[in-house]
1. Evaluate the range 249-264: report whether one residue or more is closer than 26 Å to residue 32 by Cβ, of a type in the set (Asp, Glu) and not in a loop (DSSP other than H, G, I, E, B).
2. When the range 125-141 is examined, which residues are found to be over 30 Å from residue 58 (Cα atoms) and either touching a Leu at 6+ places or on another chain (Cβ under 7 Å) or touching a residue at least 24 places away in the same chain (Cβ under 8 Å) (or both)?
3. Hey, any hits in the range 125-135 for a residue that's buried (at least 16 other Cβ atoms within 10 Å of the Cβ) and either more than 25 Å from the chain's Cα centre (by Cα) or modelled with pLDDT under 95 (or both)?
4. Using the structure shown, decide if residue 160 is in contact (Cβ under 8 Å) with a residue 24 or more places away in the chain, part of a loop (DSSP other than H, G, I, E, B) and buried (at least 20 other Cβ atoms within 10 Å of the Cβ).
5. Of everything in the range 230-243 that's closer than 17 Å to residue 169 by Cβ and not polar (S, T, N, Q), which residue is surrounded by the fewest Cβ atoms within 10 Å (Cβ to Cβ)?
6. Looking at 104, 85, which one is in contact (Cβ under 8 Å) with a residue 24 or more places away in the chain, surrounded by fewer than 21 Cβ atoms within 10 Å (Cβ to Cβ), assigned by TED's automatic domain parsing to the domain that holds residue 142 and under 21 Å from the mean Cα position of the chain (by Cα)?
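The values are calculated or read from the model by the stated rules, or taken from the named source; none is laboratory data. Predicted model, so just to flag it, every value in this text is computed and none were measured. Virtual Cβ from ideal backbone geometry, glycine too; neighbours counted across all protein chains shown.
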Amino acid sequence: MRIGININQSAGGGRPATLDQIVDEVASVAERGFASAAFAQLSGIDVLTVIALAGRAVPRIELATAVIPIYPRHPTALAQQALTVNAAIGGRLALGLGLAHKPVVEQRWGMSFERPAAYMREYLEILLPLLRGEAVDHAGERLKAQQQIVMADAPAPAVLLAALGERMLRLAGELTDGTALWMVGPRTLAEHITPTITAAAHEAGRPAPRIVASLPICVTHNVAAARERAARALVNYNRLPSYRAMLDREGVDGPADVMLAGSEDDVDRQLARLEEAGATEFTASPLGSSEDRRRTFEFLCARLADVRRTPV
């Protein structure tokens with residue numbers, strides 16, 4: 001199982017990290033052997049722009065968006081930007097896409113969240129051919145496009161969907177390279193995510209999908225304190241229906257209960273359980289005190305070193 005890490009966009013004390021700090025962090029995790037560095041599209045920096053900057057400075061490591069909400073960007077604009085970024089960084093972009101959430105789409109952006117899975121399908125029917133360099137003439141129910149993007153040295157990036165419900169998982173398996181998950185525990189992964197997306201990919205004649213599991217992680221001697229901290233930091237996920245549905249499937253009270261937490265051996269077993277449940281990759285979100293974060297990072301680096309030493 002490949003291991004990546006979510007890049008922290010905060011410099012602490014409520015201050016956003018600078019672009020130089022973010023690029024330095026990417027360089028650090030690349031040097032330590034992480035397979036990927038992932039960026040959430042929040043309300044600050046534009047992560048595709050940052051990925052272009054980081055990828056020009058840092059070689060080898062895959063750089064992923066986790067994820068970009070599709071509603072504010074027409075698929076032709078996103079295709080053009082993604083291809084430009086992928087050309088700039090030598091084909092190392094993994095383009096993670098998501099729907100966001102109804103309150104964000106309707107209240108922050110003033111757009112309709114009606115039939116979101118159908119909207120995503122129509123979006124992909126424009127985006128994916130454009131990423132492959134094909135001409136598109138699409139007049140759909142909610143989107144229109146007449147476009148072809150011709151660009152030198154711009155391979156199509158891998159495309160991953162933030163897919164949790166059955167319709168989105170089947171769409172991800174049918175049309176894309178896989179799914180980028182958040183707040184999904186091992187039981188839900190094994191019983192719902194993995195079989196649904198894998199079956200859809202098989203039916204579509206596509207390769208086995210990438211299944212990228214991302215969760216908070218804390219290597220610590222005080223698990224109760226770590227989960228309490230996580231419960232406070234992640235409380236908003238209880239209020240978002242898509243995540244709440246996954247937590248209910250898992251049979252847990254809240255986000256803190258799906259966090260990977262405990263000693264190095266404990267967390268190693270929890271990672272193994274995710275892999276057994278079908279995760280092809282794990283993207284870590286270290287959480288906890290500064291000492292816990294340091295210990296977590298060193299644990300992940302040690303695990304990466306063990307993987308590199310294991311004979312193939």
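1. Taking every residue of the range 249-264 in turn, at least one turns out to be closer than 26 Å to residue 32 by Cβ, of a type in the set (Asp, Glu) and not in a loop (DSSP other than H, G, I, E, B).
2. The answer is 126, 136.
3. No: the range 125-135 contains no residue that is buried (at least 16 other Cβ atoms within 10 Å of the Cβ) and either more than 25 Å from the chain's Cα centre (by Cα) or modelled with pLDDT under 95 (or both).
4. no
5. Among them, the one singled out is 241.
6. Only one candidate qualifies: 104.
Listed here are the residues, each with its yes/no results for (1) buried (at least 24 other Cβ atoms within 10 Å of the Cβ); (2) on the phi > 0 side of the Ramachandran plot; (3) modelled with pLDDT of 95 or more; (4) not in a loop (DSSP other than H, G, I, E, B).
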| residue | (1), (2), (3), (4) |
| --- | --- |
| 184 | yes, no, yes, no |
| 192 | no, no, yes, yes |
| 195 | no, no, yes, yes |
| 202 | no, no, yes, yes |
| 206 | no, no, yes, no |
| 212 | yes, no, yes, yes |
| 216 | yes, no, yes, yes |
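Residue by residue, here is whether (1) more than 27 Å from residue 129 (Cα to Cα); (2) out of contact with any His (no Cβ under 9 Å at 6 or more places or on another chain); (3) hydrophobic (A, V, I, L, M, F, W, C) holds:
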position	(1), (2), (3)
58	yes, yes, yes
67	no, yes, yes
77	no, yes, yes
81	no, yes, no
84	no, yes, no
89	no, yes, yes
94	no, yes, yes
97	no, yes, yes
105	no, yes, yes
